[in-house]
Amino acid sequence: MSSGVRVRLRCGCPGRPRVQASAGAPADLPASVRCAACGTETRLRGDRVSEGGGLLGCCACGHPELYTQQSVPPSVGIVVVVVAACLAPFTMYASLGVAALVDLGLYVLVPDVVVCYVCRAEHRGFRREPRHPRFDREIEERLKFGPRAVMGRPMREGGTANAPDPEH
């Protein structure tokens, strides 16, 4: 686990700058954060943090639907592969093996980030329990378009905390 927790969110002002709150422990998060550009204050929801330091919902908006994703941008992996492919003829294709090792290292060493479906706030450094599944398009569409978006399963009681990964 990292040395502290961070919540990063977007302000609603023009330009939508990112606002960040950091603390050594989830219980030490400030009650609110202020946007440097417009001065808007956003209240953080400390009640969405479990007793063990995990997330029950978004600390920015309070919504219970969250997903887990890698915090390394996909473009980094693409650059690694493109550079390795360009170097492959000159390295007798050893660069492709090195690229695979670099990719594996990034996957193992870089921690995940938990993101809110509604406000896209990023939560880093919180405990992994309760666990949130990877991104699920069905949840996003249900939240975006309402009940007419997805026929079938209703919203899960309690949000995504300890929900299984999507089947697709």
May I ask you to list the residues in the range 120-139 that are surrounded by 17 or more Cβ atoms within 10 Å (Cβ to Cβ) and closer than 15 Å to Val7 by Cα?
Ala121, Glu122, His123, Arg124, Gly125, Phe126
Hey, any hits in the range 67-90 for a residue that's surrounded by 14 or more Cβ atoms within 10 Å (Cβ to Cβ), hydrophobic (A, V, I, L, M, F, W, C) and in contact with a Phe, Trp or Tyr (Cβ under 6 Å, 6 or more places away or on another chain)?
no
Exactly one of Gly158, Gly125, Gly105 is on the phi > 0 side of the Ramachandran plot, out of contact with any strand residue (DSSP E or B) (no Cβ under 9 Å at 6 or more places or on another chain), at pLDDT below 95 and of a type in the set (Gly, Ala, Ser), and that one is Gly158
Do the conditions hold for Ala60, that is, is it closer than 19 Å to Val115 by Cα, among the small types (Gly, Ala, Ser), in contact with a Cys (Cβ under 7 Å, 6 or more places away or on another chain) and assigned by TED's automatic domain parsing to the domain that holds Arg131?
yes
Would you please name the residue that is surrounded by the most Cβ atoms within 10 Å (Cβ to Cβ), looking only at residues in the range 1-33 that are modelled with pLDDT of 90 or more and of a type in the set (D, E, K, R)?
Arg8
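The values are calculated or read from the model by the stated rules, or taken from the named source; none is laboratory data. Computed from a prediction, not measured in an experiment: that's the story for all the values here. Cβ coordinates were reconstructed from backbone atoms using ideal geometry, including for glycine residues, and neighbour counts include every protein chain displayed.
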